[in-house]
Every structure is written in C-alpha cells, then in structure tokens.
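Structure first, then comments.
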Amino acid sequence: MNAPLLGTGMADIYWHLPIMIVVISLVYSGTRFDHWDAIFREAFRWGVRMVLFLAGIVLILSGLSLHDAPFALQAALIGAGAVVEISLLFLK
C-alpha cells in the first residue's frame, strides 16, 4: 500500500516548523522588549535568522548526502549552504 505524498508519515512534522519559528521568535523578543513595535521588529529579525540557518543546514546536508550526484552539484549545494551560514555572521 502506498502512503499519500502529503498524508501521514514523517513529513508531517515539518508542518509545525513555521508555527514554531513564529512562536519562538515572539517569545524570545517578548522577554527582551516592552513595546509591541520593538517586539515585532526583533521577532521578524529572529525569524529571518532561524529560517536562513535552517536553509543553510539543509543545503549543506543535501550536498553531503548526494553520493551519486555529480561533484559540481555537491560542491554547489555545500558552497551555497556555507555562504548562507557565513552571511548570518554579518546579518544585523
């Protein structure tokens, strides 16, 4: 029996990721600021940082897991992930 593509399975845990990013960003920002505009501004910044961090990790791990793919594709994925991760150092 074939499981549906977006039905039950391990992929369902990723539907909670955007909600968790928003909640964690808001709670973290709410503990550091008192005014709503500052809370939302910092929550947006934290959300961007978390999304970029997770995207960089996905790119690096995808590049490392492609054993049968051409070396150029592996290098491009790992390089793009490294660029994303290094860019986080300069993001304010």
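The values are calculated or read from the model by the stated rules, or taken from the named source; none is laboratory data. Keep in mind it's a predicted model, so treat the numbers as computed, not measured. A quick note on method: Cβ atoms are made from the backbone with ideal geometry, for glycine too, and the neighbour counts reach across all protein chains shown.
Some points to look at:
- Neighbours by Cβ (under 9 Å, 6+ apart or cross-chain): first from region 50-62, aromatic (Phe, Trp, Tyr); second exposed (fewer than 15 other Cβ atoms within 10 Å of the Cβ): Phe53/Leu88
- Filter pass, Asp68 being assigned to a loop (DSSP other than H, G, I, E, B) and at pLDDT 90 or above: yes
- Residue in region 7-18 that is at pLDDT below 95, more than 15 Å from the chain's Cα centre (by Cα), of a type in the set (Ser, Thr, Tyr) and exposed (fewer than 14 other Cβ atoms within 10 Å of the Cβ) present: yes
- Applying the criterion of being exposed (fewer than 14 other Cβ atoms within 10 Å of the Cβ) and within 13 Å of the chain's Cα centre (by Cα) to the residues of region 54-87, the residue that is nearest to Met20 (Cα to Cα) is Leu54.
- Region 63-92 residues that are over 30 Å from Arg45 (Cβ atoms) and free of Cβ contacts under 8 Å to residues at least 60 places away in the same chain, paired with ones that are of a type in the set (A, V, I, L, M, F, W, C) and assigned to a helix (DSSP H, G or I) (beta carbon under 8 Å, 6 or more apart): Leu66/Leu73; Leu66/Leu77; Gln74/Leu64
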